[in-house]
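The values are calculated or read from the model by the stated rules, or taken from the named source; none is laboratory data. The shown structure was predicted, so the numbers you read here are calculated from the model rather than taken from an experiment. Cβ: placed from backbone, ideal geometry, glycine included. Neighbour counts: every protein chain shown. What goes into the accessible areas is simple: the full protein's heavy atoms, side chains included, and nothing from ligands, DNA or RNA. Shrake-Rupley method; radii C 1.70, N 1.55, O 1.52, S 1.80 Å.
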Amino acid sequence: MKFLDTPPRFLFFTGKGGVGKTSLACATAVRFAQAGRTVLLVSTDPASNVAQVFGQAIGNALTAIAEVPNLTALEIDPEAAAQAYRDRIVGPVRGVLPDDVVRGIEEQLSGACTTEIAAFDEFTGLLTDGELMRAFDHIVFDTAPTGHTIRLLQLPSAWTGFLDNSDTGASCLGPLAGLDKQREQYRAAVAALADAERTRLVLVARAQASTLREVARTHDELAALGLTRQHLVINGVLPGDEAGNDALAAAIVRRESAALAGLPAELAGLPVDRVPLMPFNLVGLPALKALLDPGASGPQDASDVAGAHPALPGLAALVDQIAADGHGLVMLMGKGGVGKTTLAAAVAVDLARRGLPVHLTTSDPAAHLAETLEGGGLAALTVSRIDPHAETERYRAHVLETKGRDLDAQGRALLEEDLRSPCTEEIAVFQAFSRIIREAGKKFVVMDTAPTGHTLLLLDATGAYHREMARHMQKSGIHHYTTPMMQLQDPAQTKVLIVTLAETTPVLEAARLQDDLRRAGIAPWGWIINNSVAAAHTASPLLARRAAREWPQIEAVREQHARRVALLPLQAEEPVGVARLQALAAGQS
Amino acid sequence: MKTIQIFDPALCCPTGVCGTEVDQALVTAAADLDWAKGQGARIERYSLAQQPLAFAKNAVVKGFLERSGQEALPLVLVDGEVALAGRYPNRAELARWAGLAVVPAVENSCCSGGRCC
């Protein structure tokens, strides 16, 4: 494996959700540690699974991994980091200022921006902490899904640039105000990331045309930040000899080799490794060792869970019930890589096919989906995309035009500077989000959301907006109003569909997401188990072993988690285009 | 020169652009304060969200918060005495407190720097 050769101090594993970043990062850390190097494994994913992989609690402090000498792990918990930041500010005045004032301060400091900055502060600390450098030969980062990671990696430059250029002193530093001493730290972090001697970036992908196109974009964006030393790892490739007697396996092998043959030009120059699909879950030490060492035998299966299993309904059954309401917001949520975008499109297509007006909106940069659908001739369907960059620009222009209209040149310059604060991106995306969901009163709005961590931040913003608006309305004596949050909490308006795969980690993560949503007063309406091998009938021995392990997870979803559930089989062809999406919704594969 | 102190409510930033709604009063106030500073006025600005200790340590501000609550902010002190509460000062007020020359009309500003728009 080329990505393991002469490793520098920092290794980042990045890529969209579900491609196996955590497994590869953990396996790499284990391998280095067993070669006698001291290793720190860091997860920057707000929904980290490292603890589960090693079967021990980790959390927000350096924790030795019991089973692996030389290996220490750390999960950056954005919420805990934000809480620590709040305590630092609020602690000294608690009991001194009136209680409701203290509560007001805490509320102001619980927005998405504070959380992000606090996590980012901790992240740059890791890149620049001299003590850690002495203690560890390597720091391996298992990062959150791409969008979040690019933002995390861009923030040191963004904030450094912003701090360097703001000399008026009255700028929108948000939660960074009073953290002047951090400037040096951010600058040093930028330097460490751009230093090819110190930093290697491992792009993890699946052998899937759309995924590889997205990785090519990630490659460009990160190279632009100076992270030039990149490797590509294609994970979970189905071995060619599985194609033997099984039509599904043959189709997958065919589709994967076609995707690899058409590797985007930007990626063709990178060192590439292929890691085969394993028949077992990547949890526990034997599994991790086997992942990067073809000679090692992985964990042995418990006896196959054969026998009869209940048939579960497909997507059409859920869409029937959604359609009956005539309008409303349908949100698909879940970790990355579970197929939210595809399923959102399938739901939208199936609603539009019935002649119902539908607006499908996605934050996924995979624009090809929008293109195929636009050309698909479904008159009732409109497609849009929330692009954070475009939304931020739009927001800046709007504020300058309206609120900045009567300012003099100097005042406008000040406002413009404040609008360059990285904090404004969250607001801009939230506003785009609330603009779109207002439409759901008259038609169907089907929304594909960003991976879990980011979705939760968006909900935070929604909650903060709701509280602010409620306060405002109370002051003006207005009692009839609807905030986006109230819309999300109203089951007559909003149906949240949680998407998962029939595997241990995704199911656990989906259950955690459901708990978070319930805490926010949102009751998920149904679950979709996607890409199930168990539902697909296969004679491939490798796929059959995976299928056998899916059933207990399917049972868990049905019995413990979901009020309504749909089960969708793994597709032989990628479900792209109106016809295939319709077939997916109708349950024909 | 007199010192003007502004005690802001719990904002994320002085112009409010990273809040959920951008308040025109905040945007205008930020521009006016920046203008007065440029004229040499001595201005200090404290945010309840980021510098609550400054509120707690000032007896006048602390008393004001206890009496009227955070809803009554902003509070403006000139040389330590209450000059204004519940809204931000305009340019004329700032000029009077700081002893500055009369405020130029806002209309002219678009031609400032010799480049007319």
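No other residue among A:99, A:142, A:87 is away from chain B (no Cβ under 14 Å) and at pLDDT 75 or above apart from A:142. The requirement of being of a type outside the set (Asp, Glu), over 23 Å from residue A:311 (Cα atoms) and not in a helix (DSSP H, G or I) is not satisfied by residue A:498.
Taking (1) outside any helix (DSSP H, G or I); (2) away from chain B (no Cβ under 14 Å) in turn, residue A:110 satisfies each apart from (2). For residue A:45, the criteria (1) open to solvent by less than 20 Å² (accessible area, probe 1.4 Å); (2) under 18 Å from residue A:10 (Cα atoms); (3) touching a strand residue (DSSP E or B) at 6+ places or on another chain (Cβ under 7 Å) hold in every case but one, which is (1).
Taken together, the criteria exclude residue B:70 from residues that are among the polar types (S, T, N, Q), at the interface with chain A (Cβ under 7 Å from one of its Cβ atoms) and surrounded by fewer than 17 Cβ atoms within 10 Å (Cβ to Cβ). Of all the residues in the range A:413-434, those that are over 12 Å from residue B:17 (Cβ atoms) and facing chain B (nearest Cβ under 8 Å) number 1. Taking every residue in the range A:313-338 that is touching a residue at least 12 places away in the same chain (Cβ under 8 Å) and farther than 14 Å from residue A:494 by Cβ and pairing it with any residue that is open to solvent by 30 Å² or more (accessible area, probe 1.4 Å) and of a type in the set (S, T, N, Q), at least 6 positions away or on another chain, the pairs with Cβ-Cβ distances below 8 Å are A:338/A:531.
A quick yes/no check of all residues on (1) within 14 Å of chain B (Cβ to nearest Cβ); (2) modelled with pLDDT of 90 or more:
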site	(1), (2)
A:178	yes, no
A:187	no, no
A:194	no, no
A:197	no, yes
A:200	no, yes
A:203	no, yes
A:206	no, yes
A:216	no, yes
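Summed over the range A:309-350, residues that are outside any loop (DSSP other than H, G, I, E, B), among the charged types (D, E, K, R) and more than 22 Å from residue A:442 (Cβ to Cβ) total 1. For the range B:46-67, filtered to residues that are in contact (Cβ under 8 Å) with a residue 12 or more places away in the chain and in a helix (DSSP H, G or I), the residue that is nearest to the other protein chains (Cβ to nearest Cβ) is B:55. Please work out which residue is modelled with the highest pLDDT, limiting yourself to the range B:10-45 and to residues that are facing chain A (nearest Cβ under 8 Å) and under 23 Å from residue A:93 (Cβ atoms). Once the filter is applied, the top-ranked residue is B:45. Selection over the range A:65-103 of residues that are part of a helix (DSSP H, G or I), open to solvent by 50 Å² or more (accessible area, probe 1.4 Å), touching a residue at least 12 places away in the same chain (Cβ under 8 Å) and not charged (D, E, K, R) gives a count of 1. Restricted to the range A:48-81, and to residues there that are under 19 Å from residue A:14 (Cα atoms) and among the β-branched types (Val, Ile, Thr), the residue that is modelled with the lowest pLDDT is A:76. Of the residues making up the range A:18-42, those that are more than 17 Å from residue A:73 (Cβ to Cβ) and either in contact with a Phe, Trp or Tyr (Cβ under 9 Å, 6 or more places away or on another chain) or open to solvent by 10 Å² or more (accessible area, probe 1.4 Å) (or both) are A:18, A:20, A:35, A:36. Taken as a whole, the structure leaves residue A:400 outside the set of residues that are in contact (Cβ under 8 Å) with a residue 40 or more places away in the chain and either basic (Lys, Arg) or buried (at least 17 other Cβ atoms within 10 Å of the Cβ) (or both). Selection of helices (runs of 4 or more DSSP H) fully inside the range A:351-436 by the criterion of at least 1 residues being over 29 Å from residue A:114 (Cα atoms) and at pLDDT 80 or above returns A:409-419. Within the span defined as the range A:552-568, every residue fails to be modelled with pLDDT under 90 and of a type outside the set (Phe, Trp, Tyr). Among the residues of the range A:104-137, those identified as of a type outside the set (Asp, Glu), more than 30 Å from residue B:70 (Cα to Cα) and open to solvent by 30 Å² or more (accessible area, probe 1.4 Å) are A:128, A:130, A:133, A:134, A:135. Within the range A:270-303, track down each residue that is open to solvent by 20 Å² or more (accessible area, probe 1.4 Å), farther than 23 Å from residue A:67 by Cα, at pLDDT 90 or above and of a type outside the set (Val, Ile, Thr). Correct list: A:270, A:271, A:274, A:276, A:277. Can you tell me which residue in the range B:25-45 is surrounded by the most Cβ atoms within 10 Å (Cβ to Cβ), limited to those that are β-branched (Val, Ile, Thr) and part of a helix (DSSP H, G or I)? In this case the residue turns out to be B:27.
Hey, could you check the range A:533-564 for residues that are closer than 13 Å to residue A:312 by Cβ and assigned to a loop (DSSP other than H, G, I, E, B) and say which is least open to solvent (accessible area, probe 1.4 Å)? Once the filter is applied, the top-ranked residue is A:562. The residue that is nearest to the chain's Cα centre (by Cα), counting only those in the range A:305-340 that are modelled with pLDDT under 90 and surrounded by fewer than 21 Cβ atoms within 10 Å (Cβ to Cβ), is A:312.
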